[in-house]
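Quick notes on the structure that follows.
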Amino acid sequence: MLKIDNKADIFHYRTLMAILTFSMLLLVGRYFHLQIIEHERFFSKSQVNRVKAKASYAPRGLIVDRNGVVIVENSPTYILTVTPYEMKNIEEQFDKISSIISVPIEEIERRYKKYYRGRFLPTVIAKNLSFAQISQIEEMKLDFPGVQYERFDERLYNTELNDMHILGYLRELDRETIPTLDKSSLYRAGELIGWQGVEREYEKELRYSKGVNYIEVDTYGREIENLNSNNIPAYPGKNLVLTIDSELQKFSRNLLEGKKGSIIVSKVNSGEILSIVSSPSYNLSIFRGETSSKEWEELIESEDKPILNRNISGLYPPGSSFKIVTAINLIEKGLLDPEDNLMCAGSYTPQGSSNTFNCWKEDGHGLVNLRKAISESCNVYFYETVQLIKLNEWISTAKKFGFNQLTEIDLPNEIVGLIPDKEFFIDTYGRWGWSERGVLLNMTLGQGDILVTPLQSLRYINHIASKGKNTAKLKINLNKPTEFYEPINLSEQTWVRLYDGLYDVVNSDGGSGWRARQIKTGITLYGKTSTAENPHGEPHAWFNGFFDLNGEKYSLVVMVENGGGGGAVASPIAGELVNFISSNIEFLAKK
Amino acid sequence: MIYGSINNDLQKLYLIVTSLLVFGLVTLFSISSDPFSFNSSFSRQIIFILFSLFIFFLLKAVDIKAIHDNSITIYLISIFVCFIPFFMPPVENTSRWIDLGLFYIQPAEYLKCATVIAIAKYLSNNQLAVKDMSTVIVPVLIASLSAFIVLNQPDLGTSVIILVPVLPMLLWAGVNNFTIFLMIIPFITIIAASNDLAFNIWAFLMFVMFMLFQGKLLNRILLYFANIFAGLLFPFFWNNFLNGYQRQRFLDFLNPDLDPMGSSYHIIQSITAIGSGGLFGKGWGQGTQTQLKFLPVQESDFILSVIAEEFGFLGISLIMFLFFMLIKTLLDIAFRCSDYFSSLVIVGLTSILFSHIFINSAMTIGLMPVKGLPTPFVSAGGSFMLLCFVILSLVSNFSKN
C-alpha cells in the first residue's frame, strides 16, 4: 500500500464540480437552443438537404405518313454514363469498357471530353449498348465505380423510308450549342435534338416535355428512394403526321435509282407534298450511335453530294419552262397575237449583231405560233418575241411565280435561288458589260444566271395549275393549317393560251413531252419539259406538269441532274409517276 | 453523497458506463446499413468492447504499487512509442498510428495516461512544498513534452487533451490559487489578442486582478507585462507555428458559413442534424441527415449528433446526464479514495474523459472547432474504447486503496 494519505480538499472538489456543472449546463443549453428554439429552421433545412430533383424523360413523338404508316419510331437502347468524381483510375476503366462494348478507347475518351459537364454530373460515354453488353458491365459492377447505365430511346427508321432529306436526324447536343437554344426546353449536353429535316423543324412538337422526379439522396448524391409525391411527370412528344404518301415516296425513290436528281409530287389545292425525293440519299441508320467520323466525312466529301437536299437546297437553271414567263408577258401586255406565226429557220441573229443563236432543232420549226412554240419548245420564237419585253417586267413576272423567294415549306435550310436583275448584272458584268436584249435572250430560255430549286419549280407549276388563284403554300406537316401564296391575276385568255401550249407539250404529236402521255389511264396531263444547259456536263432534264384526277389537282416536278433531254429523260419518269398515282388513287385519297 | 462508500461508487460507475455503452451500441445499430456483418461499426464495437473488457480485468490484476514505483519508466516508454510512427510510412499523411496489421493503434492515447501518472507521482511526493510557485514547473514540463510530441504528429486535439489534466491536478494537489490564475490568464490573453477592443478591456481587468492578489508588487507588474507581451506575440506565433489545416479549422470554427463544403461543412451538417431532431427526435433509424450520410464520421466524432437527431433533446439530455454522473462519480471516488497518488491519478484521468466529452459535444454544436475527438464509451473506435477501459480499470484498481 502507498504511504501518503489522500489530502483532497472539499473546496477543490467543489470547484471541479462547479466547473463540471457549468460546462454541462452550457452544452445542454446549446442543445436546447438548437433543438427546441431553432428546431423549425433546421427541420426545414434538413428536408431540403436530402431531396434532389432529377429529370425524367418520355419518348419522342413518332413520325407517320398521311395514312398512318410509321416512318420513324423509337427503339430502346442503353447509354453508359460515368460520374467523374466517383471513378477510380479512369484510363483503366475506359480500357475495360472499350473491350466490352468494342468501341475504340479514343472514341470513348473523345466523348468523355465532349460531353463532360462537371465532376458530379454523369457524362455519356457510349450509346446503343445491347442488353448483353449491359449485363456484362452489371456483372463486373464492382470494377466500375461511377459507371451507370440508363435506358435511352434511339430513333428507329422504317428501312424502306429512311429518307434523310425529309426526316432529318437527331444529334447529340454539345455544350457549345446549348446557349443558342430556347432555355425553357431545358436542354442538357448529350441529349438528342432534331438537327435536320422535320426532326429539326418540328423539334418543339416532337420533343417530350421533361419531367422531374424528386429523389432522396445521401451526401454522395446516391439515390436512396424515389419520393413519388410532387413528381412532375414527363410527357411524350406529339406524333407528326406527314403529307407524304409512303408508297408514292418509295415509288419515286425507285424511279431515281442510280440517278442524281429530284422528284416532287403535290396536291395543288392543299399544298400537301405527297412525295419528295432527293437522289442520291443515304442510310439514316448511320446516325445510330456507331457512326465513325470517317464514314461521315466520306459522305460529306462524296462528289454526288448525298447530303444535299436537292429539292430545297439544290440550285439549277430551270431551262425552257421559263419560256412561259415570256409567253405570259406577251399575251398579258398584248404585245403580239398568239395566233401570229413566226419563222424558225433554226437560228436567230439579233438586229445589229453578228452573233447567231441556234434553235435546238437545227433544221428549224418552220412557221410557229405561240401554242406550237410552247409545245415544241422553239427557241427562235422566244428569241424574237422576248425583244418586245422590258427586262424589269420580265423579272417581275418571274418573281410573281415565287422565284427568288422561299416557298416557305416547313423544312429547314431552304434557299432562295436567283432571278438576276439590273443590279445583279451591273455588279457582275460592270455597267457596260451586258445589254438588256442580250441577257433576255438567255433568260427567256431559263438559262444564264437564273437558278431555281426544284421546289420553287413546283410552286411555279402549282400557280399555273390553279390559274394563279388560291395556290396553297407547300407543306409537309399534314396538320399544318393551309395558307395561300399571293394570288397572280392574269386574264383568262392568258391562262387558256398557256394551257393550250402545255396540253400540246404532252398530247400533240410534235410535243416535247410526248413520252409522258397517258394513253392507258386517259389522264390529261399538262406539262413543260426543260433541257437546262449547265457548265457541269450533260444538261439537266426537267419535266414540270399537273393534271386533274377525280376532282383533285396534282402537280409534279421531275429533275434529273445532268440527265440529258427533258423530253427523253424526264418525261417518261413523269409518265410513270402519273400512271402510278392513278392506279393507287384510292390509297392516296385516304387520310 | 460525498460520504458514501467507495464500493457503491464503483457499482454506480459500472452502471453508468454500461448505460453509455448500450446507448452507443443502439445508435451504432441505427447507422449501420448491415449491423450484423463483421465490417459494420456495430459488430466491430461489440468486439472492441469485449476485447477492452479483457484488458480491463487484466489491468485490474496489476499491483498499483508497481505502477506507482515505475511511473517514470512508463512515461518514458510511452514517449518512446510515440516516436515510432515518425519512422513508419505515414497513414493519411500523419504519423499518429502504428500499423499492427490487424488494426492501428494510436500511442498518443496511452501517453495521456502515462503523463497523468507521472504528474501524479511527482505531486504526491511528501517532501514537495506544494504552496511554492515552482511546484508547477515539473508537471507543466512533463505535460508539455508529451503535448509537443503529439502536436508534431500532427494532432492538435490530442495535444490539447494532454495539457488539460495539469490544472485540475495542480488544484487538487493544493497549489495556490494565484499560481493557477497565472496559468490560465495567458490563454485568455491570447484569445483576446484577436480583437483590439477585447484586448484593451482584458488588459484593464487583468491589471485590477493582479493588484488584488498578494505578493511582491514588482513580480506582479512583471507578470502583468509578460501577459501583455504574450498577447502581442500571438499573431506571430499564429502565422509561423501553426499548420495550414490547424489555422483553417480555427477559422472555420469562428465562422462556419465561410466554406460550406470544407471542414465547416461538418459543423453545418451536424448542427442541421441536431436542430432538426427537436424535442423527441425523428426516431430510431429515422434521422434523415444521418441515414442519408449528410452527417460525416457519424459513428465516432459526430455520434452525439446522431443521438440528437434520432432521439431528440430528451435523448441528448439523458446522455448529458449520464456524462455528468460519470464525471461526478469519478470525482467522488477521487475525493474518497485513501491514498494521495491514486486520488491524483483519478482526477487526471477524469479530466481527460471530461475534456473528451466537453470538446466533442461542443464541436458537434459549433461551440468549438472540429477536432476529431471521440466521445468516451459511446463513439465507435477500438483505440479510444480501449483507453476508456484502461482508465476505468485504473480507477477501479486505484480506488481499492
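Every read-out reported here was derived from the displayed coordinates using simple, explicitly stated rules and does not represent laboratory data. Model, not experiment: these values are computed from the prediction. Glycine also receives a Cβ, built like all others from the backbone with ideal geometry; neighbour counts cover every protein chain displayed.
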Completion exercise
Across B:Phe48, B:Phe199, B:Phe377, the residue with the highest GNM fluctuation in chain B (Cα network, 10 Å cutoff) is B:Phe199
Practice task
Among DSSP beta bridges lying fully in the protein assembly as shown, give the percent that are antiparallel, nearest 5.
Solution key: 95 percent
Exercise for the section: Quote the charge dipole size of the protein assembly as shown about the Cα centre in Debye, to the nearest 20; the model charges only the Cβ of Lys and Arg (+1) and of Asp and Glu (-1). Expected result: 3220 debye
Problem - Expected 222 nm ellipticity per residue - DSSP helices of 4 or more, -39500 (n - 2.57), all of chain A, to 500 - result: -9500 deg cm²/dmol
Exercise for the section: Could you work out, residue by residue across B:304-316, how many beta carbons of other chains sit within 10 Å of that residue's beta carbon, and then give the average as an integer? Expected result: 2
Practice task
Please list, or write none, the lysines whose alpha carbon is within less than 25 Å of the alpha carbon of B:Lys216, excluding same-chain residues fewer than 8 places away.
Solution key: B:Lys131
Practice task
Give me the net charge of A:Ile461's neighbourhood, meaning all other residues with Cβ under 11 Å from the Cβ of A:Ile461; Lys, Arg count +1, Asp, Glu -1.
Solution key: +3
Practice task
With a ≥ b ≥ c taken as the square roots of the eigenvalues of the C-alpha gyration tensor of region B:6-398, please select rounded if a/c is under 1.5 and otherwise prolate if a/b is larger than b/c or oblate if it is not?
Solution key: oblate
Problem - Lys/Arg +1, Asp/Glu -1 at C-beta; the protein assembly as shown dipole; positive extreme among A:Ile273, B:Ile79, B:Leu205 - result: B:Leu205
Fill in the blank from the handout: Under the rule rounded for a/c under 1.5, else prolate if a/b exceeds b/c, else oblate, using alpha carbon gyration tensor axes a ≥ b ≥ c, region B:97-221 is classed as oblate
Practice task
Using only Cα positions of region A:53-241, each an equal point scatterer, no hydration layer, compute I(q)/I(0) via Debye at q = 0.11, 0.17, 0.20 Å⁻¹ and quote the log10 values to two decimals.
Solution key: -0.56, -1.25, -1.48
Handout entry: Mean Cα-pair separation over length for chain A, i.e. relative contact order, pairs under 8 Å, 6 or more apart, %
Key = 13 percent
Practice task
Return the lysines within reach of A:Lys210: Cα separation strictly under 24 angstrom, same-chain partners fewer than 8 residues apart disregarded; answer none if there are no such residues.
Solution key: A:Lys52, A:Lys54, A:Lys114, A:Lys127, A:Lys183, A:Lys238
Practice task
Provide the packing ranking of A:173-179, B:230-236, A:370-376, A:122-128, i.e. peptides ordered by the mean count of other C-beta atoms within 10 Å per residue, highest first.
Solution key: A:370-376, A:122-128, B:230-236, A:173-179
Practice task
For chain B, with a Gaussian network of springs between Cα atoms less than 10 Å apart, report the residue from B:Arg220, B:Arg96, B:Arg44 with the top mean-square fluctuation.
Solution key: B:Arg220
Handout entry: Local electrostatic count, A:Arg253, Cβ distance below 9 Å [Lys/Arg +1, Asp/Glu -1]
Key = -2
Exercise for the section: Let me know the charge dipole size of region B:6-398 about its Cα centre in debye, to the nearest 20, where only the beta-carbon of Lys, Arg (+1) and Asp, Glu (-1) is charged. Expected result: 660 debye
Problem - Within a Gaussian network of chain B (alpha carbon springs, distance under 10 Å), most fluctuating of B:Ile47, B:Ile267, B:Ile357 - result: B:Ile47
Completion exercise
Nearest-0.05 FRET efficiency for A:Lys114 and B:Leu367 at R0 = 51 Å, using Cβ-Cβ distance, is 0.55
Practice task
Starting from the Cα of A:Lys305, draw a straight line to each of the lysines and keep only those under 24 Å, dropping any in the same chain fewer than 8 residues away.
Solution key: A:Lys250, A:Lys259, A:Lys260, A:Lys294
Handout entry: Contour minus Cα-Cα distance for A:Arg14 and A:Glu92 (0.36 nm per residue)
Key = 21.5 nm
Handout entry: Angstrom value of the Kirkwood radius, inverse mean 1/r, which spans all Cα pairs in chain A
Key = 28.7 Å
Exercise for the section: Give the peptides B:326-334, A:400-408, A:186-194 in descending order of average Cβ contacts within 10 Å, highest first. Expected result: B:326-334, A:400-408, A:186-194
Problem - Cα centre as origin, Lys/Arg/Asp/Glu Cβ charges: chain A dipole, Debye - result: 1740 debye
Handout entry: Efficiency of FRET between B:Met183 and A:Asp5 - r from beta-carbon atoms, R0 22 angstrom, step 0.05
Key = 0.25
Practice task
Using only atoms on other chains, find how many Cβ atoms lie within 10 Å of each Cβ of peptide B:331-341 and report the average.
Solution key: 5
Exercise for the section: Could you rank the peptides A:246-255, B:162-171 by their average count of other C-beta atoms within 10 Å per residue, with the highest value first? Expected result: B:162-171, A:246-255
Problem - Averaged over B:273-282, number of beta-carbon atoms from partner chains that fall within 10 Å - result: 6
Completion exercise
Heads up, region B:100-159 by the C-alpha gyration tensor (a ≥ b ≥ c square roots of eigenvalues; a/c under 1.5 rounded, else a/b over b/c prolate, else oblate) looks oblate
Problem - Estimated [θ] at 222 nm from DSSP helical runs (n ≥ 4, -39500 (n - 2.57)) normalised by residues in chain B, nearest 500 - result: -23000 deg cm²/dmol
Fill in the blank from the handout: Total charge of the residues flanking A:Phe43 in space, meaning their Cβ is under 11 Å from its Cβ, with Lys and Arg +1 and Asp and Glu -1, is 0
Practice task
Please compute the Cα-Cα pair-distance distribution of region A:287-417 with 5 Å bins starting at 0, giving whole percents from short to long.
Solution key: 2, 8, 15, 14, 14, 11, 9, 8, 6, 5, 4, 3, 1, 0
Fill in the blank from the handout: The Cα extents of the protein assembly as shown along the principal axes, largest first and rounded to whole Å, are 150, 59, 50
Practice task
Evaluate the distance, in nm, between pseudo-label points positioned 7 Å from the Cα of A:Leu418 and of A:Asn392 along their respective Cα→Cβ axes.
Solution key: 2.3 nm
Exercise for the section: Can you figure out the FRET efficiency of A:Asp410 with A:Asn283, using R₀ = 25 Å and their beta-carbon distance, to the nearest 0.05? Expected result: 0.55
